[in-house]
Amino acid sequence: MRPVIRSSSLSRIRWALRNNQKRYSSTLYSKSRKLLIGVNQNQALVNTNTDNSSLYSRLSIFRGLSAEAVEAADPATTRLTVSDVNRKGPLVEYERRINDGELMTGDICQIGALRELQRLYDELVDSVDTCRLDRYNTSDKSSRSRWFWSRLMPQTSYSPVKGLYLYGGVGTGKTMLMDLFFDQLPCTWKKQRIHFHDFMLSVHSRLQKHKGLSDPLEVVAQEIAHDAILLCLDEFMVTDVADALILNRLFGHLFSNGVILVATSNRNPDKLYEGGLQRDLFLPFISSLKERSVVHEIGSAVDYRKLTSAEQGFYFIGKDLSTLLKQKFQQLIGDNVVARPQVVEVVMGRKLQIPLGANGCAYFPFEELCDRPLGAADYFGLFKKFHTLALDGIPVFGLHNRTAAYRFVTLVDVMYENRARLLCTAEASPLELLEKIVTISEAKSMAPRTSSRSRKNDVTELCVDNELGFAKDRTISRLTEMNSKEYLEQHAITHNL
């Protein structure tokens, strides 16, 4: 016979459990922070009589800011103090990289984003125990055990620290800044940095594994939170209706499990999934995102990807260049190496046929990679095995091949994320490949038709698509950078070539 637990006894059990859930504190972090704050305060007292404008000027130079940026900046919002310079975190690392020549002269818009990242860094360090960030100072219960206790003591545990959503134009350094921030965090923390495409593929794979449960999304969220309280998502962009319909409930569970989100995107959160199917079901996610994150725009007009050095001879423009591409492909794999068809396994048992592959290099006609029903999962699987893609015959995109354009954009995103090398033939330059794709607002602002421009020509020339229109600038920028000396050197380092 089972013992009966009275409600009063159950209340006492809950009270005892809550008051005895003691965790080892991270004293090294707290002591270091207190000592650092004390040093900063003393230095601030020494400089009390210093003229603010001259201090701002000296610190701006110290930070590597250009004279134009300093002159244009608002001192009230962008002044860097002595404590900014001395404390640990992304600001100091940014300064070091500029001084060492790893980064170009500081961008005032990037400084604004860095201040937000520094704010987040400081709050996380001060709240490492409360946020359960250190994987060695938190209990390692199984998912089933955590599920049981959450039912016994139903409660939410939202993080006291707000995350950060960085958005802005292409090539403004969003990914670089997030990686810089992520790399400064202790390796013992429960953190993950992942591309949004890859993250959603993982979510759908987990959902398949937990198929049949009453709420598989809740279990998936608990698994993610168990591994990563701090979740950094790069290139947050929602185009898939299947993703859109689960994001609100997924992140509802993630946030209630204490997950802190850091995300980069080209889109203002209010513009996410704009014009998508059943967007009304997606809107609650936007509200939740804005509630749990600080939204910050990087307003720089500079595309740093296009400031790289000249082309390196991997992007060939023209038609009927298949023979030339195969010759270059053969040079990359080795003159005496024979490329053969191969098969790559991707998620959930799917397989991708490789027409030719050898020594980490794969060869595809454009139609076989972007005119077939393939997606991000297939492309991620491809670049887990191959570091170089030879792609033959990239066309100019328009209304007639819009679906292929979507796949090409995804392909470039996955290649860039994996620092893969692209060897290709194309009908036009990166800019010209996508110039016929425009957003609705761009289409409305175009010159009206004249007698020489018929309605039929307008329809066949332009592809009016908001998502593609926003994505095309990123794709052009990345294609340009991927053909630069700096990118190819990084490719060689990443893949030990």
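The values are calculated or read from the model by the stated rules, or taken from the named source; none is laboratory data. Small disclaimer: the values here were computed from a predicted structure and weren't measured. Cβ atoms come from the backbone with ideal geometry, glycine included; neighbour counts cover every protein chain shown. The area values use the complete protein model at the heavy-atom level, side chains included, leaving out ligands, DNA and RNA. Shrake-Rupley method; radii C 1.70, N 1.55, O 1.52, S 1.80 Å.
Indicate the gyration tensor shape class of region 180-266 (rounded, prolate or oblate), computed on the Cα atoms with a ≥ b ≥ c the square roots of the eigenvalues: a/c under 1.5 is rounded; otherwise a/b larger than b/c is prolate and the rest oblate.
Working: a/c = 2.06, a/b = 1.34, b/c = 1.54.
It is oblate, given that a/c is not under 1.5 and a/b is not larger than b/c.
Taking H placed 1.01 Å from N in the peptide plane, check which residues at least 5 places from HIS195 or on another chain put their amide H under 5 Å from its amide H.
ASP234
Please list 3J(HN,Hα) in residue order for region 315-323, calculated via the Karplus relation 6.51 cos²θ - 1.76 cosθ + 1.60 where θ = phi - 60°; whole Hz, with x for glycine and proline.
So the J values, rounded to whole Hz, are 10, 10, 9, x, 10, 6, 10, 4, 4.
What accessible area per residue, rounded to a whole number of Å², is obtained for region 146-261 using a probe radius of 1.4 Å?
On the way: 4260 Å² over 116 residues.
For region 146-261, the solvent-accessible area averages 37 Å² per residue.
Under 5 Å between amide H atoms, partner at least 5 residues away or on a different chain: which partners does ALA228 have, H built in plane at 1.01 Å?
Hits under the 5 Å cutoff: none.
Between LEU245 and ARG402, 0.36 nm times their residue separation minus their Cα-Cα distance comes to what?
54.2 nm
Which whole-Hz couplings ³J(HN,Hα) result when phi for each residue of region 405-417 is put into the Karplus expression 6.51 cos²θ - 1.76 cosθ + 1.60, θ = phi - 60°, listed in order with x for Gly and Pro?
Result, rounded to whole Hz: 5, 4, 5, 5, 4, 5, 4, 5, 4, 5, 4, 5, 4.
Quote the charge dipole size of region 331-391 about the Cα centre in Debye, to the nearest 20; the model charges only the Cβ of Lys and Arg (+1) and of Asp and Glu (-1).
My answer is approximately 220 debye.
When the accessible area of region 334-405 is computed with all protein chains present and a 1.4 Å probe, what percentage of it is carbon and sulfur?
The computed percentage sits at 50.
Among the aspartates and glutamates, select those whose C-alpha is under 18 Å from the C-alpha of LYS326, and discard any that sit fewer than 8 residues away in the same chain.
Within the straight-line limit of under 18 Å, LYS326 reaches these aspartates and glutamates: ASP335, GLU367, GLU368, ASP392, GLU427.
Antiparallel as a % of all DSSP beta bridges within region 350-497, to the nearest 5?
20 percent
Determine the alpha carbon to alpha carbon distance for each of LYS351/LYS384; LYS290/LYS444; LYS162/LYS271; LYS319/LYS472; LYS211/LYS384; LYS328/LYS385 and list only those over 24 Å.
Details: LYS351/LYS384 13 Å; LYS290/LYS444 30 Å; LYS162/LYS271 21 Å; LYS319/LYS472 22 Å; LYS211/LYS384 27 Å; LYS328/LYS385 20 Å.
Table pairs above 24 Å Cα-Cα are LYS290/LYS444; LYS211/LYS384.
For ARG350 and GLU461, calculate 0.36 nm times their separation in residues minus their Cα-Cα distance, and state this gained length in nm to one decimal.
Contour length minus Cα-Cα distance gives 36.4 nm.
Take each of the peptides 428-435, 185-192, average the number of other beta-carbon atoms within 10 Å over its residues, and list them starting from the highest.
428-435, 185-192
With θ taken as phi - 60° and the coefficients 6.51, -1.76 and 1.60, list the Karplus ³J(HN,Hα) couplings across region 206-222 in order, rounded to whole Hz; mark glycine and proline as x.
Going residue by residue, I get 5, 4, 4, 5, 9, 4, x, 6, 5, 9, x, 4, 5, 5, 4, 4, 5 Hz, with x marking Gly and Pro.
Please compute the length gained on full extension between ASP270 and ILE440, using 0.36 nm multiplied by the number of residues separating them and subtracting their Cα-Cα distance.
59.6 nm
Going from the alpha-carbon gyration tensor of region 341-409, what semi-axes, largest first and in whole Å, does one get by taking the root of 5 times each eigenvalue?
Gyration-tensor ellipsoid for region 341-409: 21, 14, 9 Å.
Calculate the FRET efficiency for LYS290 and SER322 from the Cβ-Cβ distance with a Förster distance of 35 Å, rounded to the nearest 0.05.
Working from the Cβ atoms, E equals 0.10.
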